[in-house]
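What follows is one structure encoded as structure tokens, with my remarks underneath.
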């Protein structure tokens with residue numbers, strides 16, 4: 001079938017309204033094969049990970065259709081698909097899992113070996129490329145590629161949801177929610193009464209901050225370089241805010257917590273933020289990082305201090321989530337009004353507005369914009 005999609009042929013610098021890295025094309029989409037699902041994409045988030053790939057910070061196999069968090073309606077299923085059926089509403093998430101590799105066997109589907117290989121090569125975990133332009137293969141992004149009117153995904157990338165959940169909100173559960181909330185409740189497992197610093201207040205960071213509040217943390221300190229984001233964090237439940245650009249930002253956090261936080265959760269994706277998070281922790285504290293800086297970025301940590309202070313540094317990918325367990329429970333929190341992800345939406349864009357949308361994201365003027373490929377999310 002012919003579908004409209006955004007395609008990135010080469011990396012570019014912003015302003016993207018001038019360099020135009022996202023080209024709107026009519027591509028050919030193959031029908032779903034065994035283990036695959038055709039989805040009508042209704043809403044797709046503009047995430048900083050997509051921005052990093054467009055800029056060339058994160059490598060991608062060119063050309064590709066971007067987008068890795070979305071919601072949609074199942075149109076057709078291939079042979080052997082049992083978890084969804086036509087007409088289902090669904091969340092599309094960025095780490096499909098095969099269920100048979102060593103990581104999946106260990107109960108760590110977020111580290112699925114098959115998905116890692118597929119992501120690197122730009123195909124689905126079924127081994128297929130489903131997108132073509134003028135007969136040439138177009139690569140997939142993390143098995144999702146949701147900046148498209150329709151997309152074929154592996155069954156392992158699709159979670160059915162209740163039909164009364166607004167699809168523009170459901171889309172954020174494909175990355176921003178599971179990465180941010182999961183980093184707090186799964187990777188860090190922050191207990192009630194803890195003190196927490198959250199560094200980086202984008203879509204993922206604000207979800208982490210709300211999760212820290214929900215976990216019963218005594219103090220949740222929001223840290224960012226933008227005052228408007230700090231003010232917004234207060235509205236969402238932060239007990240304190242610190243501007244990371246202040247020379248004494250680390251000392252401010254230590255003063256607020258009598259020596260340092262129990263947990264620092266870094267989601268800015270820059271080494272300086274992770275270094276600051278480590279410095280903000282008390283002796284015996286834990287740093288969790290879900291930010292993705294340049295692949296060559298490193299962290300310089302005094303090993304003797306790491307040992308003598310009994311500190312912990314943990315990475316968190318996809319919030320250490322088991323999607324079929326965690327997406328429903330995070331949606332339950334949303335339905336109860338405890339996780340108001342709708343407040344994180346900064347507006348909607350259409351295909352023609354994608355480049356401008358990423359300019360706003362790069363400038364820090366948006367938290368989570370949502371692409372509506374069909375002009376509306378209503379059904």
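The values are calculated or read from the model by the stated rules, or taken from the named source; none is laboratory data. The shown structure was predicted, so the numbers you read here are calculated from the model rather than taken from an experiment. As a convention, Cβ positions derive from the backbone with ideal geometry for all residues, glycine included, and neighbour counts pool all protein chains shown.
Kindly indicate whether residue 71 is assigned to a strand (DSSP E or B) and surrounded by 18 or more Cβ atoms within 10 Å (Cβ to Cβ).
On the way: assigned to a strand (DSSP E or B): yes; surrounded by 18 or more Cβ atoms within 10 Å (Cβ to Cβ): yes.
Yes, satisfied.
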TODO: Scan 309, 300, 350 and give me the residue that is surrounded by fewer than 19 Cβ atoms within 10 Å (Cβ to Cβ) and modelled with pLDDT under 95.
DONE: 300
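Within the stretch 312-347, take every residue that is part of a loop (DSSP other than H, G, I, E, B) and out of contact with any helix residue (DSSP H, G or I) (no Cβ under 7 Å at 6 or more places or on another chain) and give me the one that is surrounded by the most Cβ atoms within 10 Å (Cβ to Cβ). Walk me through it before giving the result.
Going residue by residue through the stretch 312-347, those that are part of a loop (DSSP other than H, G, I, E, B) are 316-317, 321-322, 336-340.
With the extra rule that they be out of contact with any helix residue (DSSP H, G or I) (no Cβ under 7 Å at 6 or more places or on another chain), the set shrinks to 336-337, 340.
Values: 336: 8, 337: 7, 340: 13.
Selected residue: 340.
Just give me the residues in the stretch 348-357 being assigned to a helix (DSSP H, G or I), touching a residue at least 24 places away in the same chain (Cβ under 8 Å) and within 20 Å of residue 42 (Cβ to Cβ), in sequence order. Spell out how you get there, then give the answer.
Taking the stretch 348-357 as the starting set, the residues that turn out to be assigned to a helix (DSSP H, G or I) are 351-357.
After this cut, where a residue has to be touching a residue at least 24 places away in the same chain (Cβ under 8 Å) as well, the list is 351-352, 354-357.
Residues satisfying the conditions are 351, 352, 354, 357.
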- [ ] Give the residues of the stretch 186-214 that are without any contact (Cβ under 8 Å) to a residue 60 or more places away in the chain and out of contact with any strand residue (DSSP E or B) (no Cβ under 8 Å at 6 or more places or on another chain), sorted by residue number.
- [x] 189, 191, 192, 193
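Can you report the number of residues in the stretch 361-379 which are in a helix (DSSP H, G or I) and closer than 19 Å to residue 207 by Cβ?
Of the stretch 361-379, the ones in a helix (DSSP H, G or I) are 361-362.
Right, trim to closer than 19 Å to residue 207 by Cβ and you get 361.
Matching residues across the stretch 361-379 total 1.
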TODO: State whether the residues of the stretch 93-106 include one that is in contact (Cβ under 8 Å) with a residue 24 or more places away in the chain, more than 22 Å from residue 320 (Cβ to Cβ) and surrounded by fewer than 18 Cβ atoms within 10 Å (Cβ to Cβ).
DONE: no
TODO: Would you check if there is a residue in the stretch 129-150 being closer than 16 Å to residue 322 by Cα, in contact (Cβ under 8 Å) with a residue 24 or more places away in the chain and touching a strand residue (DSSP E or B) at 6+ places or on another chain (Cβ under 6 Å)?
DONE: no
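Tell me which strands (runs of 3 or more DSSP E) are completely within the stretch 184-281 and hold 3 or more residues being closer than 30 Å to residue 332 by Cβ, or say none if there are none. Break it down stepwise before answering.
Values: elements: 195-199, 219-224, 240-243, 261-266.
So the answer is 195-199, 219-224, 261-266.
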